[in-house]
Every structure is written in structure tokens, then in C-alpha cells.
Amino acid sequence: MSEPTWIPEPTEASRPFFQGAKEGKLRLQVCTACETWAYPLTAICSNCGATELTWRDATGRGTVYAHGRLMRQYHPRHQDRLPLILAQIDIDEGLRLNTNVVDVDPAVLKVGDRVQVAFEQFPDGGVLPVFKPVEVS
């Protein structure tokens, strides 16, 4: 049996997202006509129907909309990482992302908590954005 992949293989269209993650940036599409942010990857703006979208670095800040815990290993990448916090994050650019929240006790995380992007590197060299609580100063 071959080694499992840790993240999806980037396509030509999704390469800017994955390259941004490797650079430590949350890079998403933006419509050049109306400035609406887009995720997941799309060819047409959901707001105005324009077909000219570009890639831009998001602020990487957001709010926890919902979350739950993954307690069972469904994939080899889950080994030694449970429980995982699966979450929906409303980022400040107006999108809701499905992701993980790290560096927090799952019992402490609450809906409405502010979070910021972080990046998780996997054994195969892939990098994905995750979120962690905003440090209060």
C-alpha cells in the first residue's frame, strides 16, 4: 500500500493558495470587479458574475462560528494529533472557512472567540492554514 497523501495535490488553478500557505500567508481569490473575496476556488464571482479573479493575501484573522472535536483516527494524518478541533471560521474578509483550530484546549474554545491564521506543516512537506486563538496583550 502506498503512503497516504497529507494534503490534496495542488492543481494549476489552486497553486497560489498552496504556495501562499508555504510562504505563511492565507492567500485567497478576490473579484477584480467588485472586490468580493472567494473561497473555495471559483472561476466566477458569486456576487457580480465577473470572471476576472485575482489572488490576494487575507488578514488571517477571524471569529469562531462553530466547532467540534474529532476523537477517532479516520486517516493516518490524525495519528498522535487527537482530539482535533474542526471549526468553521468567519474570516474578516467575509468568508467562512472549514479548518482546524490548534494551540487551545478544546474544552476552552468558544463560539465567538477571535482567532488568527497559523500554518501546519505535514511530513510530506505540504502546508495548510489552520487557526489559533488571538493572543491577548
query: How many angstrom separate the Cα center of region 1-72 from the Cα center of region 106-137?
result: 16 Å
task: Taking H placed 1.01 Å from N in the peptide plane, check which residues at least 5 places from Lys25 or on another chain put their amide H under 5 Å from its amide H.
output: none
- request: With only Lys, Arg, Asp and Glu charged, each at its Cβ (+1 for the first two, -1 for the last two), find how big the charge dipole of region 6-137 is about the Cα centre; round to the nearest 20 debye.
  value: 280 debye
message: Computing the accessible area with a 1.4 Å probe over protein heavy atoms, can you report the carbon and sulfur percentage for the chain?
response: 50 percent
Per residue solvent-accessible surface (Å²) - the chain, probe of 1.4 Å: 61 Å²
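Asp57 to Leu86: extension gain in nm, 0.36 nm per residue of separation minus the Cα-Cα distance?
Length difference between fully extended and current span is 8.1 nm.
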- line: Extension length gain for Gln116 and Arg15 (0.36 nm per residue less Cα distance), in nm, is 34.1 nm
Relative contact order of the chain, defined on C-alpha pairs under 8 angstrom at six or more residues apart (%): 22 percent
Cα extents of the chain along the three principal axes, largest first (Å): 44, 44, 24
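The values are calculated or read from the model by the stated rules, or taken from the named source; none is laboratory data. Since the structure is predicted, the reported quantities are computational estimates derived from the model, not experimental observations. So basically every Cβ, Gly included, is an ideal-geometry build from the backbone, and we count neighbours across all protein chains shown. These area figures cover heavy atoms from the full protein model, side chains too; ligands, DNA and RNA do not enter into them. Shrake-Rupley method; radii C 1.70, N 1.55, O 1.52, S 1.80 Å.
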